[in-house]
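Presented below is the structure to which this report refers.
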Amino acid sequence: MKLLFIIFTDDPETIYNAMRLANVAVKKGDEVSVFVLGKAVTFEKLPTEPFNFMEQINAFQGDFYVWGVCAKAHGIEASPTCPIGWMDDLYELAKEADKIFTF
């Protein structure tokens, strides 16, 4: 099954739980994509205690994108853990997904 996780919050606990679920889905054989937008693009600047979401992000074996417009607005540049995605990318991921989760 193709799953799309859209994360738009900067709440570390919510990001942690979303990424835990995404990792479980990958382990169960699903094709999983994560698209981060809005305030969530600042995830690399957020505290990771007590919810170490970066550990979950680093363990993720699916496709991971950060919305380019939001990243630019927050002064964030592309990196290995932060590849840039655009409106067309999100559209295609949503169009192809069997299920979409939003956090």
Inspect all residues belonging to the range 15-25 and state whether any of them is within 16 Å of I76 (Cβ to Cβ), in a helix (DSSP H, G or I) and touching a residue at least 24 places away in the same chain (Cβ under 8 Å). yes
Within the range 36-49, does at least one residue satisfy the condition of being modelled with pLDDT of 95 or more and touching a Leu at 6+ places or on another chain (Cβ under 6 Å)? no
So the check is Cβ under 9 Å with 6+ separation or different chains; which pairs have a first residue in the range 27-55 that's assigned to a loop (DSSP other than H, G, I, E, B) and a second one that's surrounded by fewer than 19 Cβ atoms within 10 Å (Cβ to Cβ) and small (G, A, S)? D30/G62
Please specify each residue of the range 66-103 satisfying the condition of being over 18 Å from A18 (Cβ atoms), buried (at least 18 other Cβ atoms within 10 Å of the Cβ) and in contact with a Ser or Thr (Cβ under 8 Å, 6 or more places away or on another chain). I76
Taking the options E49, E55, E44, name whichever one is farther than 13 Å from I84 by Cα and touching a strand residue (DSSP E or B) at 6+ places or on another chain (Cβ under 7 Å). E44
Note down all Cβ pairs under 6 Å where the first residue falls in the range 84-95 and is part of a helix (DSSP H, G or I), the second is among the polar types (S, T, N, Q) and at pLDDT 95 or above, and they're at least six residues apart or on different chains. L93/S33
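The values are calculated or read from the model by the stated rules, or taken from the named source; none is laboratory data. This one's a predicted model, so the numbers in the text were calculated from it and none came from an experiment. Neighbour counts are summed over all protein chains in view; Cβ atoms, including those assigned to glycine, are modelled from backbone coordinates with ideal geometry.
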